[in-house]
Amino acid sequence: MKKIFILFLFISFYSGATDPYKRNPAIDVQQYTFQLEVNDSTDVIAGKAFATIKFKKPTTEFELDLTSKDKSGKGMSVSSVLIDGKS
């Protein structure tokens, strides 16, 4: 009975999940790695994100959805974007 219930939960969550982002058929994101530092005294989270992207065909551009700060000042700020360690 437990196996059926777990399977039902998985199917119900999976069927309701939708991805709002348009797909780019020229790229395939292979892996994400995140390095985070949390500071309890300042409520600041700092970090780095690494993405390994396979380009399936030549492309001159692609989009990254990088979130910014909102009007109250909460959110992320991106300090740099590097490709192969170079800006």
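At-a-glance table
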item: Fully extended contour minus Cα-Cα distance, from Asn39 to Phe55, at 0.36 nm per residue; result: 2.1 nm
item: Exceeding the 24 Å Cα-Cα cut-off - candidates Lys56/Lys86; Lys22/Lys56; Lys22/Lys71; result: Lys22/Lys71
item: Set of aspartates and glutamates with alpha-carbon distance to Lys48 below 19 Å, sequence-local pairs under 8 removed; result: Glu37, Asp40, Glu63, Asp65, Asp84
item: Loop-located trypsin sites (Lys or Arg not before Pro) in segment 52-87, at most 14 other Cβ atoms within 10 Å (DSSP); result: Lys56, Lys69, Lys71, Lys74
item: Sequence-separation-based contact order of segment 21-87, relative, with Cα cut under 8 Å and 6+ spacing, percent; result: 26
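The numbers here are math on the coordinates, done by the rules we state, and not lab data. Given the structure is predicted, the values throughout are model-derived calculations rather than measurements. Cβ coordinates were reconstructed from backbone atoms using ideal geometry, including for glycine residues, and neighbour counts include every protein chain displayed.
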